[in-house]
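> The structure's right below; bear with me while I get my questions together.
Every number here is computed from the coordinates shown, using simple stated rules; none is lab data. Everything numeric in this text was worked out from a predicted model, so none of it was measured. Here the Cβ positions follow ideal geometry from the backbone for every residue, glycine too, while neighbour counts run over all protein chains shown.
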Amino acid sequence: MQHRYKNNLGLWGWLGGGRYGADRYAYALHRLSGLGILAYFLMHIFVTGTRVDGPEAWESAMHFFENPLFRLGEFLVFLAFLYHAVNGIRLVLVELGLLVGKPGLPSYPYSHSVIRQRPVLVVAMVITAVLVLFAGADFLFLTK
Amino acid sequence: MRESRLWFWHILTAVVILFLLGLHMGIMHMGTLVQALGLGSTHPTASAEVFERSRQFFFMITYIALLGTALFHGLYGFRSILCELSLSKTLQKAIGRLCTAAGFALFLYGTYVAVRVFQMKGV
């Protein structure tokens with residue numbers, strides 16, 4: 001098991017951005033959205049499992065979820081998926097070292113990988129917003 | 001399994017999920033846009049369409065693949081988040097084993113459902 005440093009800040013140590021700023025908050029939101037998707041996914045496994053009992057059981061399950069509260073919850077999960085997917089692509093690219101740039105001399109004004117990656121974060125958030133607008137309109141108003 | 005190898009699988013499953021869940025979301029939640037491209041339906045959760053898809057080999061395989069990859073990715077991520085909360089090594093191991101057991105159990109259940117519905121006749 002790998003060594004992990006002690007988290008003396010508690011929950012804030014997990015959520016707080018510190019000197020990393022927006023990137024760290026994007027990371028925290030990535031994890032929160034992931035937990036939301038996981039909770040929905042575990043429930044989804046059992047809901048889709050009703051297919052085993054035939055079409056009547058499936059219709060009954062779908063009827064149960066046909067109310068505004070579940071519809072809103074489903075939409076929030078959908079938003080979480082869009083954010084998690086787009087930001088996840090960015091994180092994978094960073095993880096593979098594709099966005100950190102080449103090493104260079106520390107000459108003033110100093111540049112570091114977080115600053116170099118910042119435009120990618122902005123682009124990822126813009127893509128997420130566009131997808132939310134497109135898919136959200138379809139999800140909320142067009143698909144019955 | 002070594003942590004670095006698990007992390008590699010975590011990233012690899014993310015890429016697979018991106019395609020499979022993108023397909024799933026496109027069919028299920030963007031029906032109007034997908035139908036405009038001549039690819040889908042506006043009533044994807046209607047019983048007849050759900051069972052028609054479930055009896056196609058392609059969808060059965062993609063359901064099982066998505067189930068396995070999503071379970072690993074989700075539960076490994078969940079375990080990683082919990083392990084960052086300065087838990088004792090014993091508790092970290094217990095969480096790891098619990099996630100593994102839950103993942104296998106859910107995978108077996110989901111696979112059973114996918115195969116069973118695929119084999120259904122006259123629905």
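> Return the aspartates and glutamates within reach of B:Lys93: Cα separation strictly under 16 angstrom, same-chain partners fewer than 8 residues apart disregarded; answer none if there are no such residues.
Partners found: B:Glu3, B:Glu84.
> What would the Debye equation give as log₁₀ I(q)/I(0) for chain B at q = 0.21 Å⁻¹, counting only Cα atoms as equal point scatterers?
Cα-only, vacuum Debye calculation for chain B: -1.18.
> Could you estimate the translational diffusion coefficient of the protein assembly as shown from the Stokes-Einstein equation, with Rh from the Kirkwood formula over C-alpha pairs, at 37 °C and 0.692 mPa s, in whole µm²/s?
Translational D for this selection: 159 µm²/s.
> Next question. Using r as the Cβ-Cβ distance of B:Ile61 and A:Leu96, and R0 as 25 Å, what FRET efficiency do you calculate, to the nearest 0.05? Present the calculation step by step, with values, prior to reporting the outcome.
Working: r = 28 Å, r/R0 = 1.12.
After rounding to 0.05, the efficiency reads 0.35.
> Moving on. Just A:Gly34, A:Gly21, A:Gly104 to compare: in a GNM of chain A, with alpha carbon springs under 10 Å, which one fluctuates most?
A:Gly104
> Work out the FRET efficiency for B:Thr100 and A:Leu105 from their Cβ-Cβ distance, taking R0 = 45 Å, and round it to the nearest 0.05.
Given R0 = 45 Å and the Cβ-Cβ separation, E is 0.45.
> For the range A:1-99, compute Rg over Rh where Rg is the Cα radius of gyration and Rh is the Kirkwood radius from the inverse mean 1/r over Cα pairs.
In the range A:1-99, Rg relative to Rh is 1.12.
> Relative to the first principal axis of the alpha-carbon coordinates of chain B, what is the inclination of helix B:57-83, with its axis defined by its Cα atoms, in degrees from 0 to 90 and to the nearest 10?
Approximately 30 degrees, to the nearest 10.
> Report, in order of residue number, the helices in chain A meeting two criteria: a C-alpha extent of 30 Å or more along the helix axis, and a mean Kyte-Doolittle hydropathy of at least 1.6; treat each whole DSSP H run as one helix.
For chain A, where a helix must reach 30 Å along its axis and average at least 1.6, the hits are A:113-137.
> Further question: Is it possible to state the helix-based mean residue ellipticity at 222 nm for chain A, with each DSSP H run of 4+ residues giving -39500 (n - 2.57), the sum divided by total residues, to the nearest 500 deg cm²/dmol? What is it?
-22500 deg cm²/dmol
> Evaluate the relative contact order of chain B (contact order divided by residue number), counting alpha-carbon pairs under 8 angstrom at least 6 apart; express in whole percent.
30
> Could you please state, rounded to a whole Å, how far the C-alpha centre of the range A:60-117 is from the C-alpha centre of the range A:6-46?
When both Cα centres are located, 11 Å separates them.
> Sequence gap at least 6, Cα distance under 8 Å: using those rules, report the relative contact order of the range A:19-142 to the nearest whole percent.
Result for the range A:19-142 is 31 percent.
> Say each of A:Arg116 and A:Ile89 gets a label point 7 Å from the Cα, pointing the same way as Cα to Cβ; how far apart are those two points in nm?
Taking the two extended label points, one gets 2.2 nm.
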